[in-house]
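Just below is one structure, and these are the notes that go with it.
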């Protein structure tokens, strides 16, 4: 038995001012989230991006082609009601940040990691007064409590919408520092993705690229770019 699929029923989507922000209407009817929360977003640009996604649907609705809509839904239905828990989850990456765990060899890989990862850690230490400890290997290393507290405060200062985007920036890269670097304009999303994939690129150079792994990596990269775009739409 095939599952039911929602199909386009509207002629036009529009972005309009609404109490508390902006909303999207389909033939005049306001869009709601899956949890039936009114879709009120903070900026006109975000509402326009969401409206464009709805207008682009033809026939069956394909949520995977609507990243801004999905991110806004997540911000309203998941992040806002559980804000402190999401802050803890995102900030928790600082305690095991990818950039802090360096290879023990070969030296070419060690040098690549140092060249691309250390400047990001240095930036975070200066920008947030939050130096992190670097180690070789995979044995967990304790990070300074003051640094983790300051990084958590930076995350907690985000809005629910920006936090929804930051969550993906951090989770996809495996690095709180890289996620914050994108959010704060230190590097671009493509740069962050490349920096986070040094180990994988090294392995591909040594053993060849696996097509399935490459396809999965392309999807992760696209998701990271979507998250960065959504963060920008919050302004």
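Bear in mind that the values in this text are calculations on the coordinates, not laboratory data. What you see is a predicted model; the values in this text were computed from it and never measured. In this analysis, Cβ positions are derived from the backbone assuming ideal geometry, glycine residues included, and neighbour counts consider all displayed protein chains.
Quick notes on this one:
- Computed E for residue 44/residue 184 - FRET, C-beta separation, R0 22 angstrom, nearest 0.05: 0.45
- When P(r) over Cα pairs in 10 Å bins from 0, in percent is computed from the coordinates, the matching label among (i) 6, 25, 33, 22, 10, 3, 1, 0; (ii) 7, 24, 26, 20, 13, 7, 3, 1, 0; (iii) 7, 28, 30, 21, 11, 3, 0 is (iii).
- Here the label points at residue 136 and residue 32, each 7 Å from Cα along the C-beta direction, are separated by 5.9 nm in the simple model.
- The stretch 88-209, Cα convex hull volume normalised per residue, Å³: 101 Å³
- The ranking of 234, 100 by Cβ neighbour count inside 10 Å, starting from the fewest, reads 100, 234.
- Once both labels are positioned 7 Å from their Cα atoms along Cα-to-Cβ, the gap between residue 229 and residue 156 label points is 3.3 nm.
- For the pair residue 88 and residue 12 in one chain, pulling the backbone fully straight at 0.36 nm per residue adds 23.4 nm over the alpha carbon distance.
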